[in-house]
Structure formats: C-alpha cells, structure tokens
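Report on the structure given below.
The values are calculated or read from the model by the stated rules, or taken from the named source; none is laboratory data. None of these values were measured; they are calculated from a predicted model. Backbone-built Cβ (ideal geometry, glycine too); neighbour counts: all protein chains shown. Please note that ligands, DNA and RNA were not included when accessible areas were found on the heavy atoms of the full protein model with its side chains. Shrake-Rupley method; radii C 1.70, N 1.55, O 1.52, S 1.80 Å.
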Amino acid sequence: MTTTLKAEEFKARDDQLGGWPIRVTSYKIGATYACRVDNVSPGAVVARGKGVTREEAERYALDRAGPRLGHPGPAGRRPG
C-alpha cells in the first residue's frame, strides 16, 4: 500500500539576495518542511532545504543560495 502525502501550510514570498530578486517557497510534507529558492526570472531553482521547522528549512536553503548568487549568506548573515 502506498501512502500519499500532500503539501500543507504552503507559503511563498518574494525577496532579494545578493542583489538578485528571489522567491522563497516553503511547505510542509508529513512532519518535514521543505523549501526552495528560485531566481524569479527565469525561475530556475537555486537551492533547496529541508528541516523540522519552516525556519530551519528556509535558513538552510538561503544559506546554500547565497554563495550561488554571489552573496555570503542570507540577508547578510554568515552560515552557521
């Protein structure tokens, strides 16, 4: 038998990182939150993250996206 999980608590917001417009999309699947950061135009996924909380998933994805967009970390913070 296959268990079907559906996305819950969907949230998307536009922001900027390293001078680039980004979209941060997060949602809950089962007991885990997932997040993806894309570069709005053309919409390519820059980084993904998972975590126990939405904040953890977003922080992980933003920490990975920062250097890829020429920025040391999310909103000026260094990863860690």
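Structure data summary
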| read-out | value |
| --- | --- |
| Pairs where the first residue, in the range 6-24, is closer than 18 Å to Gly70 by Cβ and the second is open to solvent by 80 Å² or more (accessible area, probe 1.4 Å), C-beta under 6 Å, 6+ apart | Arg23/Asp14 |
| Residue in the range 36-48 that is open to solvent by 90 Å² or more (accessible area, probe 1.4 Å), touching a strand residue (DSSP E or B) at 6+ places or on another chain (Cβ under 9 Å) and touching a residue at least 40 places away in the same chain (Cβ under 8 Å) present | no |
| Candidates Lys11, Lys6, filtered to the one that is among the basic types (Lys, Arg) and either under 12 Å from the mean Cα position of the chain (by Cα) or under 27 Å from Pro72 (Cβ atoms) (or both) | Lys11 |
| Matching entry among Val24, Val45, Val52, Val40 (being more than 11 Å from the chain's Cα centre (by Cα), among the hydrophobic types (A, V, I, L, M, F, W, C) and modelled with pLDDT of 95 or more) | Val52 |
| Residue tally, condition among the basic types (Lys, Arg), in contact with a helix residue (DSSP H, G or I) (Cβ under 8 Å, 6 or more places away or on another chain) and closer than 15 Å to Asp15 by Cβ, over the range 34-63 | 2 |
